[in-house]
Amino acid sequence: MLMFYILGFIVALGLAVLLTPLVKKFAIKVGAVDVPDARKVHTKIMPRLGGLGIFLAFMVTLLALLPFVSEYFTARDNRFIYAFIIGGTMIALIGAMDDKFQLSAKVKFLAQIITACVVVFAFDIRIDFVNIPFVDAYSSLELWISIPVTIFWIVGVTNAINLIDGLDGLAAGVSAIAIGTIAVMSFIMGNIVTAMVCMVLLGSIIGFLFFNFHPAKIFMGDTGSLFLGFSLAMLSLLGFKQIAVVTLITPLIIIAVPLSDTLFAIIRRFLNKKPIFAPDKGHLHHRLRDLGFSHRQTVLIIYGIAAFFGVLAVIQSAAAIHEANWVTFVVICVMMFFLQIGAEVIGLIDKTKRPVLNFFHKLRMKAAEAKTKS
């Protein structure tokens, strides 16, 4: 299979490099362009729909490889591939329509739910067990729990990537790091299907990044961000469901950057009494720019954060395989601590409320007073 991994990556990368300029011309011709406004960072009209290049490069390469590798697949692997192709096509079409016609948030949300339902009900892809952390056991989930949890997972992760797509190369790079992490873990676990899909998708994204990294020549648009989010949701379902010792904590760590940014956005909008789907300039990339970092520096900082969480995910997964559950606990604590501190430092929820930092400040002041008295 190693030959197919390498071949899939190279072919997908080459196709993305060839197709993206054609997609750019097509986007301009049909009027799928992004006009700058007060909330956006760019200052000139930009073609979007660039995600179509990622989608086409991925699908063409995957379909070309399938006849050569299908003999290695189980029945469940085949269901997953078909679900990925059908669901991915549906979600990419939704994104393309939004890039052209600017669909409302409610319409897109409903379409995402329908896509997730197709995956769950038509192909029987769902989370059907939960590995119990710190205990060498796992529990099956009843249908009435597993079905809504799976739908919620697919829709949630799909939107997480969409929300973080605010700077040149940001969503594509963060997705590439997350997919690369899943690929590494799939190689370790011997999950050949997930590894192959990851390598093909990774090649497609890197090929697109040649045109999308700052200064971008084309945006991926909702076509790309929704498709990449859907892909991450599906890959995490396949990549970890079959390994009993790996908990659902692992995929959560891998996509901690977009998920946490989404969670903080929901909390921020709730506290400010704004609609959850209302856009704002309080996302991670916006706050880093407000702190004085350049466009490129901001993107690279977020890449670094995503890579840090990717390393944590690999450590946690490797430890779980060897039943070192205390490592999972440590990883969770480290992740939560850095997320909270980071959110307070850059003001992701509120620029003035910093409970943990204030607590440490008070401790430092008391220590200084005690030292002075002594």
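Before moving on, here are some points about what is shown:
- Relative contact order [Cα under 8 Å, 6+ residues apart], the range 1-89, whole percent: 30
- When only Cα pairs below 8 angstrom with a gap of at least 6 residues are kept, the chain shows a relative contact order of 22 percent.
- Protection proxy ranking for 195-204, 294-303, using the average of other Cβ atoms within 10 Å per residue and placing the highest first: 195-204, 294-303.
- Computed from point charges on the beta carbon alone (+1 for Lys and Arg, -1 for Asp and Glu), the dipole magnitude for the chain about its Cα centre is near 1540 Debye.
- Residues of type lysines that LYS281 reaches as a straight line, Cα spacing below 26 Å, ignoring anything fewer than 8 places off in the same chain: LYS40, LYS44, LYS100, LYS106, LYS108, LYS217, LYS273, LYS351, LYS353
- Protection proxy ranking of 261-270, 172-181, by the mean of other Cβ atoms within 10 Å over each peptide's residues and highest first, is 172-181, 261-270.
- Residues VAL60 and LEU110, FRET efficiency given R0 of 25 Å [Cβ-Cβ distance, rounded to 0.05]: 0.30
- Helices meeting the span-like rule in the chain (full DSSP H runs, Cα extent of at least 20 Å along the helix axis, mean Kyte-Doolittle score of 0.5 or higher): 2-30, 51-69, 75-101, 143-164, 170-189, 192-212, 221-241, 256-271, 295-321, 325-346.
- Shape category assigned to the chain from the gyration tensor of Cα positions, a/c cut at 1.5: oblate
- Full-stretch length increase - PHE26, ILE301 - with 0.36 nm per residue and alpha-carbon distance subtracted: 95.7 nm
Read the figures in this text as sums done on the coordinates, not as results from a lab. Source: prediction; values computed, not measured. All Cβ positions, even for glycine, are placed from backbone atoms using ideal geometry, and neighbour counts span all protein chains on display.
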